[in-house]
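The values are calculated or read from the model by the stated rules, or taken from the named source; none is laboratory data. All values reported here derive from a predicted model rather than from experimental measurement. As a convention, Cβ positions derive from the backbone with ideal geometry for all residues, glycine included, and neighbour counts pool all protein chains shown.
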Amino acid sequence: MRAVFRSVMTAVAASACAVTLLASAGAAASPQEAQKAQKAHKSKEPSVRRVTQGANGPSGDASVSANGRYVVFESSADNLVPGDTNGAPDVFLHDLRTRRTVRAGLTADGGQAPYGGSSPVISADGRYVVFRSRDLIRGQEQTGYFRRDLGTGATDWVGGADDLYPGEGALVGASVSADGRYVSFTARQTRTGRPGHRTAVRDLATGGLTVLDSPYASEAHLSDDGRRLVYWESVPAPVSYPPSRVFVLDLRTGQSRRLDVAADGSTTTARSGHPAVSGNGRVAAFASWATDLVPGEDPNGARDDVFVADLRTGALRRLEAPAAEGHSTLPSLSGDGRYVVFGFTPPGVSWGTTHLYRTDLRSGRTTPVSRTADGTPAAATTGERPVDAHGRTVVFSSADGALAPGAPSPGGDVYVRTMR
């Protein structure tokens with residue numbers, strides 16, 4: 001906060017000097033011009049608003065389309081749309097242009113889902129929403145992921161835990177290609193002493209299901225064309241401090257390679273995970289405790305940092321954290337691969353409390369995302385696709401009501417920040 005205050009004071013001082021120089025040259029700005037300049041300066045500041053204003057229940061797990069217009073999210077509120085009487089959380093879609101909210105998690109017949117819906121993600125083109133639910137297609141008792149076509153209203157079955165661990169699995173995440181054709185999903189084994197994770201990709205055009213060979217593949221994310229898949233391979237609990245690593249898989253050729261690898265080809269023994277891939281499939285990101293992946297001293301030591309990999313050249317870089325200590329984790333990438341949105345846990349803050357930031361990989365500039373009007377960082381979380389194609393629109397959820405004007409909803413809201 002002090003750094004923000006210093007930056008503002010520096011900008012004010014610079015503006016004052018500029019006005020003085022113009023005045024001495026006989027070109028003093030009029031009050032009207034000064035007012036215009038002030039408005040222009042303010043318009044460059046990021047803006048934030050509450051998407052779920054007036055909701056009577058908590059909302060979260062937000063995802064945004066590539067053009068930054070449509071937001072899908074999960075909410076327990078029953079007053080966002082008329083006729084919400086199923087008594088369960090549902091999946092909603094909000095149009096940021098018209099500010100209209102509709103329920104996206106519906107049955108194949110267009111009715112409300114009897115068991116609600118959760119864990120939504122929207123395709124880059126904004127046409128498809130993938131979410132978790134149960135018994136949406138008449139005559140078919142299915143629990144797992146469904147895909148709804150917002151254009152035609154069609155609801156299709158994608159897959160569930162039984163596809164990976166029959167009778168002994170639980171779903172933990174999904175991702176979708178830009179055109180909605182490919183959907184990846186992951187299940188966790190639940191009935192063994194050392195549970196594993198398995199990930200599969202469904203081709204909804206052919207119905208084909210590709211199951212990854214790895215018995216520990218989790219947190220998978222697809223590129224827009226559905227060709228590249230990044231995933232985290234980790235041995236789950238009860239193993240203490242299990243090893244973990246990140247990979248990118250070319251689903252067309254079947255070739256995979258590890259991403260947490262140093263320039264000299266050496267692999268780290270530190271934990272790496274939470275991968276992400278840009279929509280264009282050219283950039284990947286992940287978090288790691290490693291101090292030996294890139295040259296130079298690691299300012300925060302053996303704590304989580306975000307690393308960015310160029311998938312064409314293999315070049316790896318470590319992002320500069322907002323503070324010298326703390327943890328940077330949970331990265332997401334804009335569709336064009338230029339921006340990284342990530343969570344940062346400052347020193348002295350309880351683990352799992354993250355403040356969101358956005359880094360421009362071209363300029364290196366890092367900007368706060370989840371902050372209140374007075375510059376105070378706010379704890380926030382993101383869904384599977386929280387940033388648009390060009391890094392301008394970021395959606396997130398938070399219980400901090402000071403993020404936007406108006407009364408906050410009980411349990412937390414979904415917010416959208418427009419970065420300029």
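Does residue 48 count as closer than 29 Å to residue 390 by Cα, in contact with a helix residue (DSSP H, G or I) (Cβ under 9 Å, 6 or more places away or on another chain), assigned to a strand (DSSP E or B) and in contact (Cβ under 8 Å) with a residue 24 or more places away in the chain?
yes
Which one of these is among the polar types (S, T, N, Q) and touching a helix residue (DSSP H, G or I) at 6+ places or on another chain (Cβ under 8 Å): 345, 376, 382?
Just a single option satisfies the conditions, and that option is 376.
Can you name the residue in region 186-200 that is small (Gly, Ala, Ser) and not in a strand (DSSP E or B) and, of all such residues, is modelled with the highest pLDDT?
Within region 186-200, the match that is modelled with the highest pLDDT is 196.
State all residues of region 61-85 that are farther than 28 Å from residue 392 by Cβ and crowded, with 17+ Cβ neighbours inside 10 Å; if no residue qualifies, say none.
Selection gives 76, 78, 84.
For residue 216, state whether it is closer than 28 Å to residue 308 by Cβ, surrounded by fewer than 23 Cβ atoms within 10 Å (Cβ to Cβ) and among the aromatic types (Phe, Trp, Tyr).
yes
Does residue 281 fit the bill of being at positive phi, surrounded by 15 or more Cβ atoms within 10 Å (Cβ to Cβ) and either touching a Lys or Arg at 6+ places or on another chain (Cβ under 6 Å) or of a type in the set (Ser, Thr, Tyr) (or both)?
yes
What pairs can you find where one residue is in region 201-222 and modelled with pLDDT of 95 or more, the other is surrounded by fewer than 14 Cβ atoms within 10 Å (Cβ to Cβ) and assigned to a loop (DSSP other than H, G, I, E, B), and their Cβ atoms are less than 8 Å apart, with a gap of 6+ or different chains?
Listed pairs, sorted by first residue: 202/208.
Looking at 216, 182, can you tell me which residue is in the same structural domain as residue 136 (by TED's automatic domain parsing) and within 15 Å of residue 128 (Cβ to Cβ)?
None of the other options fit; the residue is 182.
What number of residues within region 360-418 satisfy the criterion of being part of a loop (DSSP other than H, G, I, E, B) and among the β-branched types (Val, Ile, Thr)?
4
Tell me, please, whether a residue that is assigned to a loop (DSSP other than H, G, I, E, B) and either in the same structural domain as residue 233 (by TED's automatic domain parsing) or touching a residue at least 60 places away in the same chain (Cβ under 8 Å) (or both) can be found in region 104-117.
no
Looking only at region 125-141, which residues are within 20 Å of residue 89 (Cβ to Cβ) and modelled with pLDDT under 95?
Listed by number, the list is empty, since nothing qualifies.
If residue 187 passes every condition in (1) closer than 16 Å to residue 385 by Cα; (2) surrounded by 23 or more Cβ atoms within 10 Å (Cβ to Cβ) but one, which one does it miss?
Failing condition for residue 187: (1).
In region 105-129, which residues are touching a Lys or Arg at 6+ places or on another chain (Cβ under 6 Å) and of a type in the set (Gly, Ala, Ser)?
Within region 105-129, 118, 119 qualify.
Just checking, which of 310, 305 is at pLDDT 90 or above and in contact with an Asp or Glu (Cβ under 8 Å, 6 or more places away or on another chain)?
Unique residue meeting the criteria: 305.
Consider residue 349 against the criteria (1) of a type in the set (A, V, I, L, M); (2) over 25 Å from residue 318 (Cα atoms); (3) surrounded by fewer than 18 Cβ atoms within 10 Å (Cβ to Cβ): it satisfies all of them except one. Which criterion is unmet?
Of (1) of a type in the set (A, V, I, L, M); (2) over 25 Å from residue 318 (Cα atoms); (3) surrounded by fewer than 18 Cβ atoms within 10 Å (Cβ to Cβ), only one is false for residue 349: (2).
Within the group 125, 84, which residue is part of a loop (DSSP other than H, G, I, E, B), within 21 Å of the chain's Cα centre (by Cα) and more than 20 Å from residue 49 (Cα to Cα)?
None of the other options fit; the residue is 125.
Search region 174-227 for residues being in contact with a Gly (Cβ under 9 Å, 6 or more places away or on another chain) and among the basic types (Lys, Arg), and hand back the single one that is farthest from residue 256 (Cα to Cα).
Residue satisfying both the conditions and the ranking: 191.
Restricting the first residue to region 135-162 and requiring it to be over 17 Å from residue 110 (Cα atoms), which pairs with a second residue that is surrounded by fewer than 18 Cβ atoms within 10 Å (Cβ to Cβ) and of a type in the set (Ser, Thr, Tyr) meet a Cβ separation below 7 Å and a spacing of at least six or different chains?
That search, which allows pairs on different chains as well, returns 160/143.
Only residues that are crowded, with 21+ Cβ neighbours inside 10 Å, over 12 Å from the mean Cα position of the chain (by Cα) and of a type in the set (Ser, Thr, Tyr): list them for region 360-389, please.
370
Considering only region 170-179, state which residues are buried (at least 23 other Cβ atoms within 10 Å of the Cβ) and over 18 Å from residue 278 (Cβ atoms).
Once the filter is applied, which keeps residues that are buried (at least 23 other Cβ atoms within 10 Å of the Cβ) and over 18 Å from residue 278 (Cβ atoms), region 170-179 yields only 174.
Do the conditions hold for residue 273, that is, is it part of a strand (DSSP E or B), surrounded by fewer than 22 Cβ atoms within 10 Å (Cβ to Cβ), of a type outside the set (Lys, Arg) and modelled with pLDDT under 95?
Spelling it out, residue 273 is indeed part of a strand (DSSP E or B), surrounded by fewer than 22 Cβ atoms within 10 Å (Cβ to Cβ), of a type outside the set (Lys, Arg) and modelled with pLDDT under 95.
Conditions first: (1) surrounded by 17 or more Cβ atoms within 10 Å (Cβ to Cβ); (2) under 21 Å from residue 271 (Cβ atoms). Residue 341 passes all but one, so which condition is the exception?
Condition not satisfied by residue 341: (2).
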